[in-house]
Amino acid sequence: MTSDNREDYLISILRLSDGERNVKTTELANFMGVSPASVTEMTKTLAAEGLVVYEKYKGIRLSEEGLAVARQVRKKHHVIEQLLVNCLGMDHQEAHEEAHKMEHTISDSTSIKICNMVGNPVDEDCQCCSEPCKRYSQGITNVVQLNKMAKNKSGVICFIKSEDPDVIKRLGTIGFVPGRDVRIESILMDGGDRVIKIGDSLIALSYDLASAVYVDLN
C-alpha cells in the first residue's frame with residue numbers, strides 16, 4: 001500500500017498526463033507546489049517500487065501498476081466529491097478539498113458502496129475497481145428503472161442515479177439503497193405511484209422518484 005504522499009504524486013502525474021505521456025520533473029514540481037529536489041527524491045522511491053518509470057531527459061511516466069493505483073485514487077476522489085455535493089450540499093471547491101483529505105483513507109469497499117448509492121457515471125478509472133459493477137462490466141442490459149418494472153416483478157437495487165441531490169437524499173432516507181430487495185406490489189395508475197415492498201415495508205413511490213432507482217433483475 002502506498003503512503004498518502006506517494007499517492008499524491010501518482011495522481012498528480014495522472015492528472016498531468018492522463019497516463020499517456022511523460023511528465024517533466026519541473027512540470028510536476030510546479031503542479032504540486034513542491035521543489036524539484038523533492039520530486040527527484042520521490043521519483044527515485046516510486047521507481048524503486050515499480051510505480052513509475054524515469055527516463056533521463058524525457059521525464060516520468062506511470063508504470064502499469066502505478067497507473068492502476070492512481071486511477072483507483074482518482075475514482076475515490078470523484079466518488080467522495082459527488083457524495084459531498086449531492087448528498088451533503090457542499091459547494092464544489094469545499095467538496096474537492098475534503099475529498100483530497102479522504103481519498104487516501106477510505107477503503108475500496110466503502111468507496112464502491114458510495115459509488116453505487118450516488119450513481120457515479122462509468123469512466124476509464126472503473127477498470128481498476130476491485131469489484132466492477134454491472135454498469136461497467138455489462139452495461140445496464142439487465143438493469144431497469146424501478147418505474148418501468150411491471151407488477152409482481154422483483155429484483156435488487158443496483159444503484160441510484162439522479163441529477164437532483166434531494167432525490168438521492170430522499171430515497172436513502174426511506175431505505176432505497178443498493179443491495180436491498182424490492183418488489184412491485186401494485187401500480188396505482190399509468191404514470192402514478194408504485195407501491196413497493198422493500199424489506200418488511202410497503203412504500204408508495206411517485207413515478208419520478210422510482211425512475212431514479214435502478215434494479216438488477218437477475
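The values are calculated or read from the model by the stated rules, or taken from the named source; none is laboratory data. On a predicted model such as this, the values are computed, not experimentally measured, just so you know. No Cβ is skipped: glycine too gets one built from the backbone with ideal geometry, and neighbour counts run over all protein chains shown. Ligands, DNA and RNA are excluded from the accessible area calculation, which covers all protein heavy atoms including side chains. Shrake-Rupley method; radii C 1.70, N 1.55, O 1.52, S 1.80 Å.
One table, with the values for the structure above:
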item	result
Criterion (closer than 17 Å to Cys128 by Cα, among the acidic types (Asp, Glu) and surrounded by fewer than 19 Cβ atoms within 10 Å (Cβ to Cβ)) met by exactly one of Glu103, Glu65, Glu49	Glu65
Cross-chain or 6+ apart pairs with Cβ under 6 Å, region 34-48 first and under 16 Å from Glu7 (Cβ atoms) and of a type in the set (A, V, I, L, M, F, W, C), then part of a helix (DSSP H, G or I) and open to solvent by less than 20 Å² (accessible area, probe 1.4 Å)	Val39/Leu28; Val39/Ala29; Met42/Tyr9
Unmet requirement for Ser162, which otherwise passes all of (1) farther than 30 Å from Gln127 by Cβ; (2) part of a loop (DSSP other than H, G, I, E, B)	(1)
Hits in region 152-167 (condition: farther than 17 Å from Gly199 by Cα and open to solvent by 10 Å² or more (accessible area, probe 1.4 Å))	Lys161, Ser162, Glu163, Asp164, Pro165, Asp166, Val167
Hits in region 179-208 - residues which are under 24 Å from the mean Cα position of the chain (by Cα) and open to solvent by less than 40 Å² (accessible area, probe 1.4 Å)	Val182
Some residue of region 23-42 being more than 28 Å from Pro121 (Cα to Cα), open to solvent by 50 Å² or more (accessible area, probe 1.4 Å), of a type in the set (A, V, I, L, M) and modelled with pLDDT of 90 or more	yes
